[in-house]
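Peer 1: I am attaching a structure below and will ask some questions about it afterwards.
The values are calculated or read from the model by the stated rules, or taken from the named source; none is laboratory data. Note that the structure is a prediction, hence the values are computed from the model and not measured. Positions of Cβ are generated from backbone atoms using ideal geometry, with glycine treated the same way; all protein chains shown enter the neighbour counts. Ligands, DNA and RNA are stripped out before the accessible areas are found, and what is left, the full protein with its side chains, is counted by its heavy atoms. Shrake-Rupley method; radii C 1.70, N 1.55, O 1.52, S 1.80 Å.
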Amino acid sequence: SDCNGGECILYGPGVDGSCSDTSALNEPSCEAIGTCSNPAQLSEETCGTCSESTALSKITCGVVGATWTPNTWTSSNEVWADAEYPWTGESHSSTVIAGTTGETSSNYVCVDADPEDHMAHCIGSDTSCAS
């Protein structure tokens, strides 16, 4: 419990919470569920047209200095439920773990729970607070 005040970081299905639509695996995906008045446009960010035809999203349209005309986006109003007590969930759209924290004084221990997935992994000891 001397390591980071007993705080730890866990990764895995449902550890960060869950969506009322079980097809959404993280909070950003849960919040993004909806439909556009143009069925070919599958996200709120792409639900519209740009005066520059090669810009297919609102962000890209703005970057090229063109005019974005939004179509009608209807949210499905899905609800994200936080992780169950006593856990505190923090959900991200990516499952790539590039590091455990931005602070340099952290004592988090990183453990590769699935050594067969061919993803980058951490090295070190699981018996000490040193990373």
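Peer 1: Do we find that V109 is at pLDDT below 85, under 15 Å from the mean Cα position of the chain (by Cα) and not polar (S, T, N, Q) in this structure? Explain how you work it out, then say what you get.
Peer 2: Numbers: at pLDDT below 85: yes; under 15 Å from the mean Cα position of the chain (by Cα): no; not polar (S, T, N, Q): yes.
Judged against the criteria, V109 is not a match.
Peer 1: Go through the range 66-91 residue by residue and tally those that are without any contact (Cβ under 8 Å) to a residue 40 or more places away in the chain and open to solvent by 70 Å² or more (accessible area, probe 1.4 Å).
Peer 2: Applying the first criterion (without any contact (Cβ under 8 Å) to a residue 40 or more places away in the chain) to the range 66-91 yields 66-73, 77, 84-86, 88.
In the following step, the residues that additionally are open to solvent by 70 Å² or more (accessible area, probe 1.4 Å) were identified as 67, 69-70, 72, 77, 84-86, 88.
Adding up the residues that qualify gives 9.
Peer 1: Anything in the range 10-40 that is of a type outside the set (S, T, N, Q), outside any loop (DSSP other than H, G, I, E, B) and open to solvent by less than 80 Å² (accessible area, probe 1.4 Å)? List them, or say none. It would help to see each step written out before you state the result.
Peer 2: Let us first name the residues in the range 10-40 that are of a type outside the set (S, T, N, Q), namely 10-17, 19, 21, 24-25, 27-28, 30-34, 36, 39-40.
Those left that are additionally outside any loop (DSSP other than H, G, I, E, B): 17, 19, 27-28, 30-31, 34, 36.
Correct list: G17, C19, E27, P28, C30, G34, C36.
Peer 1: Cβ-Cβ below 8 Å, separation at least six or inter-chain, first residue in the range 25-50 and touching a residue at least 12 places away in the same chain (Cβ under 8 Å), second exposed (fewer than 14 other Cβ atoms within 10 Å of the Cβ) and assigned to a helix (DSSP H, G or I): which pairs?
Peer 2: E45/I59
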